[in-house]
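For reference, the structure is listed below as structure tokens.
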Amino acid sequence: KNANTIYADTWFANLSKSTDGGATWSSLGLSADSGNSESLSIARGNTSWLLVVKGNGRVARSTNGGTTWADTLSVAGAVVTAVQFAPSDDNHAFAASANGRVWHTSDGGATWTELPHTGLPAARVHDIEVDWTQPLRVYLGFGALGVRQLWRGEIDAANNATWFDVSGASPAVSLP
């Protein structure tokens, strides 16, 4: 919404923000996990809402453009690898892990509920995309040795999930 506000997540550095189109940068005091393709998500409606996968595999949330942060998702036995707001509804977001577990929030990332993941590969989720018009339809891109799949999830209001393998003829390289 504001072309002058830019966020940068570079390898081995803290998450940074520019409010003057990239002329100057300031650290947000948070180390994002640069090994993941989806380490930062910005809400479309309220662009001061941010979700980030930190270097320790936890999700932190900011509601003021990165001025302050709070850890909101930390799960024993799971390293979060991707996070994404729904484009059509800032209240909905999804996070996924290196072992195929998935979480949903309906309050902008303040609280999270683990979704049933029966049938999903127990592999690293490299990418999450949420349908542009359906905030409870999510796509997961899995990629690991021998696992290259794309799954679609249909989530209901009670956080029940139905998963569909929509990989078709997957390419011979990792997704995404």
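The values are calculated or read from the model by the stated rules, or taken from the named source; none is laboratory data. Model, not experiment: these values are computed from the prediction. Note that we place each Cβ from the backbone using ideal geometry, even for glycine, and neighbour counts take in every protein chain shown. Note: accessible area is taken over every heavy atom of the protein model, side chains too, but ligands, DNA and RNA are not part of it. Shrake-Rupley method; radii C 1.70, N 1.55, O 1.52, S 1.80 Å.
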> Which of the residues belonging to the range 110-137 are over 11 Å from the mean Cα position of the chain (by Cα) and part of a strand (DSSP E or B)?
Replying inline: T113, E114, L115, R137
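Yes/no per residue for (1) part of a strand (DSSP E or B); (2) open to solvent by 50 Å² or more (accessible area, probe 1.4 Å):
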{"site": "K1", "(1), (2)": "no, yes"}
{"site": "Y7", "(1), (2)": "yes, no"}
{"site": "N14", "(1), (2)": "no, yes"}
{"site": "R44", "(1), (2)": "no, yes"}
{"site": "L51", "(1), (2)": "yes, no"}
{"site": "A95", "(1), (2)": "yes, no"}
{"site": "G100", "(1), (2)": "no, no"}
{"site": "G108", "(1), (2)": "no, no"}
> Can you spot a residue in the range 71-83 that is at pLDDT below 90, more than 21 Å from G143 (Cβ to Cβ) and of a type in the set (G, A, S)?
Replying inline: yes
> Here are some conditions: (1) among the β-branched types (V, I, T); (2) open to solvent by 40 Å² or more (accessible area, probe 1.4 Å); (3) part of a strand (DSSP E or B). V83 meets all but one. Which one does it not meet?
Replying inline: (2)
>> Being among the small types (G, A, S), over 20 Å from N159 (Cβ atoms) and either surrounded by fewer than 16 Cβ atoms within 10 Å (Cβ to Cβ) or under 12 Å from the mean Cα position of the chain (by Cα) (or both) narrows it down to one residue among S74, S18; which is it?
In response: S18
